[in-house]
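A.B. asks: Let me begin by handing over the structure; questions about it come next.
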Amino acid sequence: MDIAYKIEFFSEWHCGSGLSAGADTDALVIKDSEGFPYIPGKTLKGLFREAIEELIELKDTSTEIEKKAFENSFGYFSDNKAEGKKGSIFFTNAELELKEQIKKAKAQCYLFRRITSTAIDNGVAEANSLRSMETVVPCTLTGEILDIDDSLETLMKDSAMFIKRLGQNRNRGLGRCDIKITAIENKKGTAHTENKEEQA
């Protein structure tokens, strides 16, 4: 089964590149070769994996078939990490929905802002604690999840609704989002588009 999904951000967000801009900005967002922000597939895989693990623990109705399918799709390690199995599932990077239109208008620069923060101790800013971070304005991204076990369809839908924040500084108001499944194609080649009632 393959799934197409959409991420709609309601606040600014930051997925770090591990790079800085020297004295200008301490943390830059990850960008592709054309300067557009994106969310790496491995980041999304980790979020979905964590969400599904929590749902399996919370749901008494999760079946052994679902649990086995989860292991096959996402992979696993034994408790002592002596043995493990690579999962079959593949997450593409999530990219801007309006990338081509923004590129045509040469408006990439309007996607980014810089926010600053500092540590406060008893009402006084701590010395050398001023930090700046590049963020992306609220926008919509799309991506795909490929080679999912068909029996995970319900858990994938539920986990998408379960994820409400994404990226760094989630506890400080960044990365508030909604993930909607937009289309599902199973291994038999049949496809259907998710309706709004299922996404709510």
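The values are calculated or read from the model by the stated rules, or taken from the named source; none is laboratory data. Source: prediction; values computed, not measured. When we count neighbours, we look across all protein chains shown, and the Cβ atoms used for this are built from the backbone with ideal geometry, even at glycine.
A.B. asks: Find all pairs meeting these conditions: Cβ atoms under 8 angstrom apart; at least six residues apart or on different chains; first residue within region 143-154 and over 15 Å from G87 (Cβ atoms); second residue in a helix (DSSP H, G or I) and acidic (D, E).
C.D. replies: T154/E66
A.B. asks: Please go through region 1-38 and give me each residue that is closer than 17 Å to I102 by Cβ, of a type in the set (V, I, T) and either at pLDDT 95 or above or in contact with a helix residue (DSSP H, G or I) (Cβ under 8 Å, 6 or more places away or on another chain) (or both), ordered by number.
C.D. replies: Passing the criteria: only I7.
A.B. asks: Follow-up question, since we're still on this one. Residue under question is N72, and the condition is that it be of a type outside the set (G, A, S), farther than 30 Å from E12 by Cα, modelled with pLDDT under 90 and not in a helix (DSSP H, G or I); does it hold? Explain how you work it out, then say what you get.
C.D. replies: Working: of a type outside the set (G, A, S): yes; farther than 30 Å from E12 by Cα: yes; modelled with pLDDT under 90: yes; not in a helix (DSSP H, G or I): no.
Here the answer is no, as N72 does not meet what is asked.
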